[in-house]
Amino acid sequence: MKSLKLALVFVIVAASFANTAVFAGSKEIKAKMAKRLPVIEQLKTRGIVGENNQGYLQFMGAKKENAEAVNAENADRKAIYSAIAKQQGTTVKLVGQRRAAQIAQIAKKGQFIQNQNGKWQKK
């Protein structure tokens, strides 16, 4: 349920830019992220990927299962972070770090998250 909330937050953020020139293509990104969500959730639940402290998915070991979905998710997150950063007059890195803190709060028990110091832990 928490991961669904995470996805909905991303969808809401993307949707908030839907009618502005700041973030063209948000409808497409929203649709792609929603479609990928079950795969991403499965990878997180199985410990294949975790949420790093920069707001992106990261593989937890040598197994790179569904790498195309993970790479696409990270690219879409970066596009959203870039739009937010531009709108707020800040950096993409700062937006990602703020989002990482939010993701860590709502991560499911047993999923990997990376703290601000770079240490990985299971929630």
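Here is how the numbers come out for the structure above:
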{"item": "Criterion violated by Ile84 - all others in (1) outside any strand (DSSP E or B); (2) free of Cβ contacts under 8 Å to residues at least 40 places away in the same chain satisfied", "result": "(2)"}
{"item": "The lone exception for Ala18 - which of (1) modelled with pLDDT of 95 or more; (2) over 24 Å from Asn115 (Cβ atoms); (3) part of a loop (DSSP other than H, G, I, E, B) it fails", "result": "(1)"}
{"item": "Residue match in region 51-67 (condition: on the phi < 0 side of the Ramachandran plot and in a helix (DSSP H, G or I))", "result": "yes"}
{"item": "Some residue of region 36-48 being of a type in the set (Asp, Glu) and either assigned to a helix (DSSP H, G or I) or in contact with an Asp or Glu (Cβ under 8 Å, 6 or more places away or on another chain) (or both)", "result": "yes"}
{"item": "Count of residues meeting criterion [of a type in the set (Gly, Ala, Ser) and surrounded by 14 or more Cβ atoms within 10 Å (Cβ to Cβ)] in region 88-100", "result": "2"}
{"item": "Hits in region 98-114 - residues which are outside any strand (DSSP E or B) and either more than 19 Å from Arg77 (Cβ to Cβ) or of a type in the set (Val, Ile, Thr) (or both)", "result": "Ile103, Ile106, Lys109, Gly110"}
{"item": "Residue within region 76-88 that is in contact with a Phe, Trp or Tyr (Cβ under 7 Å, 6 or more places away or on another chain) and at pLDDT 95 or above present", "result": "yes"}
{"item": "Residue in region 23-82 that is surrounded by the most Cβ atoms within 10 Å (Cβ to Cβ), counting only those that are over 11 Å from the mean Cα position of the chain (by Cα) and closer than 20 Å to Gly118 by Cα", "result": "Val49"}
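The values are calculated or read from the model by the stated rules, or taken from the named source; none is laboratory data. Predicted, not measured: the structure shown is a model, and the values here were computed from it. Because the Cβ atoms are built from the backbone with ideal geometry, glycine has one as well, and the counts that use them run over all protein chains shown.
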